[in-house]
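The block underneath contains the structure these notes are about, expressed in structure tokens.
The values are calculated or read from the model by the stated rules, or taken from the named source; none is laboratory data. As the structure is a prediction and not an experimental result, all values here were calculated from the model. Cβ placement follows ideal geometry from the backbone for every residue including glycine, while neighbour counts extend to all protein chains displayed. Side chains included, ligands, DNA and RNA excluded: accessible areas come from the protein's heavy atoms. Shrake-Rupley method; radii C 1.70, N 1.55, O 1.52, S 1.80 Å.
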Amino acid sequence: MRSTPLLTEAQSLDGCTVHVRFEDGTMADIDLSYLLDYGGVFEPLRDPAHFAQFHADAEAGTIVWPNDADIAPETLYAHAQQRATATA
């Protein structure tokens, strides 16, 4: 059984901020700039044009970039819950 709601929408905002919505109604604007510190598969995300090329992947339940970089669905949802709670 799935414990993390599916991601239903993801939109690029300014810089490294992403608007996300999950099937349970959780919505938030999340700053993902911390990913740029990881290097490796996240290194291309330093280019704003590349960063903005992510898409919501229904199968993976998270956002995915063209180079197959992604965020664990649980991590993305936890960030959204924190941000949604902080702004509610």
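Here is how the numbers come out for the structure above:
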{"quantity": "Restricting region 9-21 to residues that are open to solvent by 60 Å² or more (accessible area, probe 1.4 Å) and within 11 Å of the chain's Cα centre (by Cα), the residue that is farthest from Gln53 (Cα to Cα)", "calculated": "Arg21"}
{"quantity": "Pairs, first under 23 Å from Pro48 (Cβ atoms) and among the acidic types (Asp, Glu) in region 63-84, second open to solvent by less than 30 Å² (accessible area, probe 1.4 Å) and at pLDDT below 95, C-beta under 9 Å, six or more apart", "calculated": "Asp70/Thr62"}
{"quantity": "Residue match in region 52-73 (condition: open to solvent by less than 80 Å² (accessible area, probe 1.4 Å), under 15 Å from Cys16 (Cβ atoms) and assigned to a helix (DSSP H, G or I))", "calculated": "no"}
{"quantity": "Search result, residues across region 22-33 that are modelled with pLDDT under 95 and either farther than 21 Å from Thr4 by Cα or surrounded by 18 or more Cβ atoms within 10 Å (Cβ to Cβ) (or both)", "calculated": "Phe22"}
{"quantity": "Residue count for region 1-31, restricted to those that are in a loop (DSSP other than H, G, I, E, B) and either closer than 16 Å to Asp68 by Cβ or among the β-branched types (Val, Ile, Thr) (or both)", "calculated": "2"}
